[in-house]
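The values are calculated or read from the model by the stated rules, or taken from the named source; none is laboratory data. Given the structure is predicted, the values throughout are model-derived calculations rather than measurements. Cβ placement follows ideal geometry from the backbone for every residue including glycine, while neighbour counts extend to all protein chains displayed. The area values use the complete protein model at the heavy-atom level, side chains included, leaving out ligands, DNA and RNA. Shrake-Rupley method; radii C 1.70, N 1.55, O 1.52, S 1.80 Å.
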Amino acid sequence: MVNDSVEITTICPDVENSQFLLSSSVQDLRKVSQTPLGTVHRSLPRIKILGTGGTIASKGSDSSQTAGYHVDLTIQDMLSAIPDISGICELEYEQLCNVDSKDIDEALLFKIYKGISDSLQSFDGIVITHGTDTLAETAFFIESTIDAGDVPIVLVGSMRPSTSVSADGPMNLYQAICIASDKKSRGRSVLVSLNDQISAGYYITKTNANSLDTFNVRQGYLGNFFNNEIHYYYPPVKPMGCHKFKLKFDDVEEKYTGFNFPKVAILYAHQAFEPELFDLVSDKYDGIVIATMGAGSLPDNVNQKALTLKVPIVYSKRSMDGMIPVANLPKAADGTHNYVIASGYLNPEKSRILLQLCLAGKYSLHEIRHVFAGVYGG
C-alpha cells in the first residue's frame with residue numbers, strides 16, 4: 001500500500017553519495033529521521049551534447065572537397081558515424097543552432113551559455129560541437145562566465161567536412177565524448193579536444209587555417225588521446241588569472257533573449273598606420289583593442305593619439321605567441337598610461353571579450369587593469 005504521507009527529498013547534490021531525508025506530512029509524526037539508504041550507483045556517466053554546427057557538421061559535394069562546403073548535419077547524423085559509445089556513457093543531445101561559427105553572435109552565444117547553465121546540475125560532462133574559426137572565443141567566454149565546478153565542458157570541432165576522405169570529425173567527436181565521460185577530466189573546467197590533443201580552453205588559439213593540427217599551442221597543452229586511452233600530463237587545475245564574471249541582465253527580456261554587451265572594436269596595426277583610424281571608432285564604440293606590432297610597438301604619433309582618448313584601449317599583439325607587458329605601454333606627461341591597458345598573453349579576440357565583460361560589469365579603469373593583470377598585463 002502506498003504511503004502518500006511520506007515525501008522523499010534529496011539533501012545531498014552528489015547523487016552517488018546521497019542520503020535521503022524522510023519527512024512526513026502527518027502532524028502526529030513530529031520527529032524527522034535521517035536515514036542512509038546506501039549508495040546509489042549509476043553504471044555510466046551522463047553526458048549532454050550541445051550542437052552549434054561548424055565544419056564538423058558540414059558536407060561537401062565530393063570526397064576530395066575541403067573548402068566551399070556547407071553546414072548540413074545534425075548531432076544525430078554525427079553520432080551515427082562514430083564508434084559505439086553505449087558502454088561509455090548515457091547520452092542526451094540538444095541542437096542549439098546549426099551555423100558556421102563565423103555567424104555566432106551575441107544571441108547565439110547566449111543560447112550556448114544558457115544551454116550549459118541549464119545542463120550543469122544534471123550531467124557529469126558537457127560536449128559542445130562548434131566550428132573551429134571562433135571556437136577559441138566561445139571557450140574563453142565560457143571559462144570567464146560559468147563556474148562549472150568539477151563538470152568538464154569539452155568543445156570539439158573538425159578541419160574537414162564529414163564527406164571528405166579521412167574526415168577528422170567522427171574521431172574528434174568520439175574522443176570528446178570519452179574525455180567528458182572520464183573521471184580524470186573532472187575539475188579541469190573548459191577543454192578543447194581536437195586531433196588527439198586535449199587543451200585548456202582559456203588559452204587555446206587556432207594557429208592554422210587549414211591544418212588538422214590547428215590547435216597545437218604553447219599554453220594549456222594538457223594531454224593526449226591515444227588508442228582509447230586518455231593521458232593527462234598534470235593533475236586537475238584551472239587557468240591562472242581567469243577572472244570569473246557573474247553576468248547581470250538589465251531587464252527580464254534580455255535575460256531570455258540574449259546578451260547586449262558594450263561594443264569593442266579591434267584595429268590591426270601595420271606599417272604607415274594612421275592615428276586618424278581612431279576617429280572612425282572612438283565615438284561609436286565603448287572600447288578599442290589594437291593588434292600592435294611586436295610586443296606593443298606603434299608609431300609615436302599613434303601612441304600620442306591613443307593617450308588622448310577617453311575610452312579603454314587595450315594593446316594586444318599581431319603575433320600568435322608572446323605577450324604585451326605594461327612596461328611597453330606609452331606614457332603621458334604625468335607618467336601614467338591614461339586609458340591604455342596591456343593585454344598580457346591575450347590575443348586581440350580574447351582581449352575584446354574580456355574588455356566587453358569588464359565594461360558590462362561597469363568596472364572602473366583601475367578594476368579593468370586588475371583583471372588584465374591576471375593574464376600578466378594591466
Selected residue (criterion: modelled with the highest pLDDT) from residues of segment 213-238 that are open to solvent by less than 30 Å² (accessible area, probe 1.4 Å) and assigned to a loop (DSSP other than H, G, I, E, B):
Thr214
Just a yes or no: is a residue in segment 149-168 over 27 Å from Ile353 (Cβ atoms) and within 20 Å of the chain's Cα centre (by Cα)?
no
Looking only at residues that are among the hydrophobic types (A, V, I, L, M, F, W, C) and at pLDDT 95 or above in segment 310-322, which one is farthest from Asn347 (Cα to Cα)?
Val311
Can you name every residue in segment 103-155 that is in a helix (DSSP H, G or I) and of a type in the set (A, V, I, L, M)?
Ala107, Leu108, Leu109, Ile112, Ile116, Leu135, Ala136, Ala139, Ile142
Taking segment 296-332, which residues are of a type in the set (A, V, I, L, M), out of contact with any Pro (no Cβ under 6 Å at 6 or more places or on another chain) and not in a loop (DSSP other than H, G, I, E, B)?
Ala306, Ile313, Val314, Ile324, Val326, Ala327
Being crowded, with 24+ Cβ neighbours inside 10 Å, in contact (Cβ under 8 Å) with a residue 12 or more places away in the chain and part of a strand (DSSP E or B), is that true of even one residue in segment 173-181?
no
Of the candidates Gly294, Gly241, the one satisfying the condition of being surrounded by 14 or more Cβ atoms within 10 Å (Cβ to Cβ), on the phi > 0 side of the Ramachandran plot, touching a residue at least 24 places away in the same chain (Cβ under 8 Å) and not assigned by the TED database to the domain that holds Asp182 is Gly241
Condition check: more than 16 Å from the chain's Cα centre (by Cα), open to solvent by 30 Å² or more (accessible area, probe 1.4 Å), at pLDDT 95 or above and not hydrophobic (A, V, I, L, M, F, W, C). Does Glu137 satisfy that?
no
Consider Leu191 carefully, then state whether it is among the aliphatic types (A, V, I, L, M), outside the structural domain of Asp133 (by the TED database) and either open to solvent by less than 70 Å² (accessible area, probe 1.4 Å) or touching a Gly at 6+ places or on another chain (Cβ under 7 Å) (or both).
no
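Matching residues to (1) touching a strand residue (DSSP E or B) at 6+ places or on another chain (Cβ under 8 Å); (2) at pLDDT 95 or above:
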position: Phe261; (1), (2): no, no
position: Gly296; (1), (2): yes, yes
position: Gln304; (1), (2): no, yes
position: Thr308; (1), (2): no, yes
